[in-house]
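Below is one structure, written out as structure tokens, with a few remarks after it.
Quick note: the coordinates plus some simple rules give every number you see, no bench work behind them. Values in this document were obtained by computation on a predicted structure and should not be read as measured data.
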Amino acid sequence: MTRQWLAVGSMIMLSIIGCSSKSDSSSADGSSGENDKPVIGFVQTGSEGDWRKAHTVSVREAAEAAGYELRFADGQAKQENQIKALSSFVAQGVDGIILAPLVETGWDNVLEKAKKRNIPVLILDRQVDVKDDSLFVTYIGADTYNEGRLAAEWLIEKTGGKAKVVELQGTPGASPTINRYNGFRDVIGEESGIEIIASQSGDFRRSKGKEVMEAFLKKHGDEIDVVYAHNDDMAIGAIQAIEDAGKKPGDDIILVSIDGVRAAFEAMVEGKLNCTVECNPLQGPMAFEAMDKILSGDIGDMPKKQMIKDEVYERENAKEVIDSRKY
Ligand code: AHR
């Protein structure tokens, strides 16, 4: 694979130097980049919450700063839309593709199409599970398994290892859902006194998080000590459900979630959320730094996975850091 992208990269470098981008010469639909800029097709999952908005903005801004033309496709939370958009970018003969895959599986065929056209694909944010790793160049994103572990470690410390937990899972089949589910369980293990009494998907959405939490409260009522939410948006929905049930979020029920968006920091400052494990959405600059290398054929030492480091924030220190938050 390396040699193939190297060949593609050198061709592109030559054409850029010669003031003619690859898209000028090889677009299947005859389209070309604005002002000879290299063209990148970006396939986003959708716009399910605050994190995703920050992610899209980061990619758009980084593309502009790095001198690319970005063609944006919103998958609207459907894998079939994402597959169609990918196929269309391949048909357009873009110079590269960035894919934030909604779910982990089902990408082999469409990635084969990109490979056949020598269009490099960078996987961003969520991971893919494909038979042949050479179908993409690199993955850039958070270590979502570790995020699940960090949430569990924090919880054990906070509760002394004894609590009844309800879990709000993300989108079924999405890599952060799978990894945050497994990472959390691998730390709480079978011997700790942490017990997961209910677990259901809230699809990474605030409204769904509220709806599922209302059902949890109806069924389990006073039994619930802790909410573990796979993202902040669902935790915020759960906070609303807890308040509607006449309880105090953060005190009567502990909440730990993942992302570190501004609304989570505001909830922590208000005392309603106890902890958020950061998942940094500002991935655009890293993506385009990698894309520069890919298109210039400089991928010799590029790792297959490039993970962004996460921090843990608690309500006790939220006030000090909220003004320095960038998303
Ligand atoms: O893939 C990252 C996850 O997707 C974020 O945690 C979540 O907020 C988003 O929907």
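The value of relative contact order for the chain, using C-alpha pairs under 8 Å at least six residues apart, is 19 percent. Converting phi to 3J(HN,Hα) with the Karplus coefficients 6.51, -1.76 and 1.60 and the offset θ = phi - 60°, the stretch 38-51 yields x, 9, 10, x, 10, 9, 9, 5, x, 9, 6, x, 4, 4 Hz in sequence order, with x at every glycine or proline. The alpha-carbon positions of the chain define a convex hull whose volume is 127 Å³ per residue. Each residue of the stretch 148-155 was assigned a 3J(HN,Hα) from its phi angle through the Karplus expression (A = 6.51, B = -1.76, C = 1.60, θ = phi - 60°), giving x, 5, 4, 4, 5, 4, 4, 5 Hz with x at Gly and Pro.
Amide H to amide H, with H built 1.01 Å from N, Q306 comes under 5 Å of Y139, I140, G141, counting only residues 5 or more places away or on other chains. Non-local lysine pairs in the stretch 130-242, meaning eight or more places apart or on different chains, with alpha-carbon distances under 19 Å, amount to 7. Compute the long axis of helix 206-220 from its Cα atoms, compare it with the longest principal axis of the Cα atoms of the chain, and write down the angle in degrees, 0 to 90, nearest 10. Tilt of helix 206-220: around 30 degrees. Counted over the chain, the DSSP beta bridges are approximately 5% antiparallel. The phi-based Karplus calculation (6.51 cos²θ - 1.76 cosθ + 1.60; θ = phi - 60°) puts the 3J(HN,Hα) values of the stretch 275-282 at 7, 10, 9, 5, 9, 6, x, 7 Hz, whole numbers, x for Gly and Pro.
Between A114, A174, A198, the residue with the greatest mean-square fluctuation in the GNM of the chain (Cα pairs under 10 Å linked by springs) is A198.
Evaluate the stretch 134-259: find the radius of gyration of its Cα atoms, find its Kirkwood radius, and give the ratio Rg to Rh. Radius of gyration over Kirkwood radius for the stretch 134-259 works out to 0.99.
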